[in-house]
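Okay, structure first, notes after.
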Amino acid sequence: MSRTSQDRQTWRQWLLTDTPTSRAHARAVAAYNGWLRLRANHMAMLGLYILLALLLVALLAPWLAPHDPLAQDLANRLQPLGTPGHPLGTDSLGRDILSRMIYGARITLYIVTLVALIAPIVGLLVGTVAGYAGGWTDAILMRVTDIFLAFPRLVLALAFVAALGAGIENAVLAISITAWPPYARIARAETLTFRNSDFIAAIRLQGARPLRIITRHIWPLCLSSLIIRVTLDMAGIILAAAGLGFLGLGARPPSPEWGAMVAEGRKFILDHWWVATMPGLAIFTVSLAFNLLGDGLRDVLDPKEGKSG
Amino acid sequence: MAIAEDNPGGRRRSPPLLRHLRKGAATIGAVLITMLGLLFVTFLIGRVMPVDPVLSVVGERASKEVYDAAYRAMGLDKPLLVQFAYYLWDVLHFDFGTSLLTARPVSEDIARVFPATFELATLGTIFGVVLGVPLGVVAAVRRGTWIDQSARVVALIGYSMPIFWLGLVGLLIFYGILGWVGGPRRLDIFYQDIVEPRTGLLLLDSALQGEWGVFRNAFSHIILPASILGYYSMAYISRMTRSFMLEQLGAEYIVTARVKGLPERTVIWRHAFGNIKVQLITVIALSYANLLEGAVLTETIFSWPGIGSYITTALLSADMAAVLGGTIVVGLIFVLLNIFSDLLYKFLDPRAK
């Protein structure tokens with residue numbers, strides 16, 4: 001009798017039980033069920049695989065890239081696809097496009113991760129405080145949120161970058177400033193549905209202060225809708241970052257940011273199409289992956305939304 | 001607003017006219033505050049920028065006295081709120097300052113470039129509506145079939161594709177390789193300055209003046225950028241149409257209509273579609289607002305001399321007056337379109353009351 005197979009069997013049973021024995025057990029069961037449902041969604045899994053691949057590429061960039069992304073080789077500039085040693089050709093300074101795209105994955109992940117941390121946290125803070133406090137606090141915070149929502153995002157980000165100066169960190173800041181209001185709206189809406197519920201009243205009767213109620217009892221309940229929204233927004237964040245890079249307001253020139261690479265290749269689009277096209281494909285693939293995964297996560301975590309969208 | 005919500009009984013008792021007035025006043029108040037906030041944000045952006053506004057006016061070689069005089073004349077020695085009041089006063093008179101790049105008032109520049117963006121965004125929205133609405137309806141009616149799936153893929157691609165890249169690839173294929181469309185800019189060089197600009201909308205101007213050669217050329221130039229914008233608009237509109245239609249088609253009155261023996265076409269287009277018209281108009285207004293944003297990148301690709309190109313060119317030469325002026329104008333249009341769609345929804349849809 002094989003010990004390992006029996007172990008796996010019991011693990012599975014433990015994860016699929018209807019009668020969890022502890023709070024942590026119940027959470028694990030819920031998470032495992034969610035994972036099973038996500039796994040059944042092929043498109044979402046495809047998105048997940050693409051993103052895992054992106055993560056690996058970014059981590060292993062120095063080993064995967066055949067060339068130094070910044071090394072210029074003017075004798076071999078604008079080499080076409082399939083050139084020996086340069087599978088995706090070279091750009092106008094003879095730099096290897098494949099290597100630049102591999103290193104560009106790091107920049108993309110860096111921007112997306114930072115924005116995906118900053119914007120939802122700011123939104124969560126503003127939204128839960130507004131929703132829980134109500135009254136004037138709510139009115140003022142929501143008015144501010146509306147003002148930021150009222151701006152076209154890219155244009156506002158442009159204006160901020162113009163004021164702060166170009167660069168990755170400023171691009172992150174500008175995108176975050178334009179990205180937090182929807183999270184505040186969601187967090188507030190969620191808070192409003194809980195704030196008058198019995199369990200909050202019970203906690204309050206036990207003497208819990210608003211800070212504790214918000215951080216320990218309301219925040220966890222807002223998380224799932226925020227995570228869905230963040231995953232769905234990632235594509236938009238990538239597109240915004242690439243757009244800023246394309247306009248020359250994101251990463252500084254020698255660094256291999258995908259949007260900036262498209263901008264560099266733009267001058268040669270009619271004669272040397274691959275220079276601009278390849279990094280654009282990378283942007284498209286990653287943002288598609290985020291959209292697929294986001295759709296799948298929404299179906300898993302929020303069944304009431306249905307499959308549309 | 002908060003008071004009215006806390007006291008639904010009192011609200012129900014007030015006469016309809018008063019209720020409308022109160023609602024109208026609340027909306028107008030909210031709009032004014034939003035616009036004020038929008039201007040305050042752009043004002044702050046203008047203040048934190050690393051460029052010294054005085055130096056850009058008097059030049060680097062100005063003496064200390066000249067510099068100080070200009071500093072005071074520009075009101076920079078006053079408290080921030082007073083400065084903001086001056087700024088508001090100027091903006092209310094459509095005075096956004098002078099562009100460093102063109103040496104003309106920013107408001108004049110914007111009035112000159114805006115029609116190009118308007119023409120592009122309008123044509124894009126028309127494409128989006130004409131293709132997106134039927135696609136959404138069909139996807140909802142034939143839910144789960146290959147039509148629905150392909151509509152989903154079309155929308156997914158639209159949500160994931162960087163618009164500047166699609167523009168470049170479109171330019172490469174349809175202009176560079178196939179030669180089906182005119183290239184960047186609004187007209188070929190031989191057709192420039194033939195039509196006298198009246199509305200600034202080239203298609204309209206050339207048609208009104210009977211210059212059909214110019215019209216054809218302008219059309220061949222606008223068709224590609226407008227289709228690309230229209231694609232994004234279509235992705236959004238078709239998704240929204242689909243989910244609105246699904247909501248209606250699941251309702252009981254649809255079952256009743258079918259049981260009555262009404263033809264399927266009547267059920268779908270008269271009953272279900274008739275009920276989503278108001279929602280659709282608000283969606284179209286929103287997508288129009290989004291197109292203004294998409295126009296910034298698209299115009300850069302196609303060297304389209306609209307407000308997007310104006311802002312980005314100004315950005316690269318640190319022409320802050322022009323950047324902020326453009327931001328304010330785009331922001332205000334965005335707000336107005338949002339409010340328009342909101343109001344439309346509130347006043348036309350009885351369920352929103």
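Worth a mention:
- Options A:81, A:48, A:59, A:74: the member that is under 30 Å from residue A:111 (Cα atoms) and at pLDDT below 80: A:81
- The range A:171-281 holds helices (runs of 4 or more DSSP H) entirely within its bounds, and those carrying 2 or more residues that are surrounded by fewer than 24 Cβ atoms within 10 Å (Cβ to Cβ) and more than 10 Å from every other protein chain (Cβ to nearest Cβ) map to A:198-205, A:219-246.
- Evaluation of residue B:155 against (1) over 17 Å from residue B:225 (Cα atoms); (2) away from chain A (no Cβ under 14 Å) (one fails), failing number: (2)
- Test: residue in the range B:47-68 that is within 14 Å of chain A (Cβ to nearest Cβ) and at pLDDT 70 or above: yes
- Scan the range B:80-97 for residues that are surrounded by fewer than 20 Cβ atoms within 10 Å (Cβ to Cβ) and among the β-branched types (Val, Ile, Thr) and the total you get is 1.
- Scanning the range B:115-133 for any residue that is within 14 Å of another protein chain (Cβ to nearest Cβ) and either surrounded by fewer than 17 Cβ atoms within 10 Å (Cβ to Cβ) or part of a helix (DSSP H, G or I) (or both) turns up at least one such residue.
- Residue within the range B:181-188 that is surrounded by 14 or more Cβ atoms within 10 Å (Cβ to Cβ) and without any contact (Cβ under 8 Å) to a residue 24 or more places away in the chain present: no
- Some residue of the range B:207-221 being at pLDDT 75 or above and under 18 Å from residue B:111 (Cα atoms): no
- Boolean, residue A:160 is among the aromatic types (Phe, Trp, Tyr), without any contact (Cβ under 8 Å) to a residue 60 or more places away in the chain and within 30 Å of residue A:250 (Cα to Cα): yes
- Applying the condition of being outside any helix (DSSP H, G or I) and in contact with a Ser or Thr (Cβ under 9 Å, 6 or more places away or on another chain) to the range A:142-170 and asking which residue is surrounded by the fewest Cβ atoms within 10 Å (Cβ to Cβ) yields A:152.
- Criterion violated by residue A:22 - all others in (1) of a type in the set (Gly, Ala, Ser); (2) closer than 29 Å to residue A:251 by Cα; (3) surrounded by fewer than 19 Cβ atoms within 10 Å (Cβ to Cβ) satisfied: (2)
- Within the range B:73-112, the set of residues being assigned to a loop (DSSP other than H, G, I, E, B) and of a type in the set (D, E, K, R) comprises B:77, B:78, B:95, B:104.
The values are calculated or read from the model by the stated rules, or taken from the named source; none is laboratory data. From a predicted model like this one, the values you see are computed outputs, not experimental measurements. Ideal geometry is used to build each Cβ from the backbone, glycine not excepted, and the neighbour counts take in all protein chains shown.
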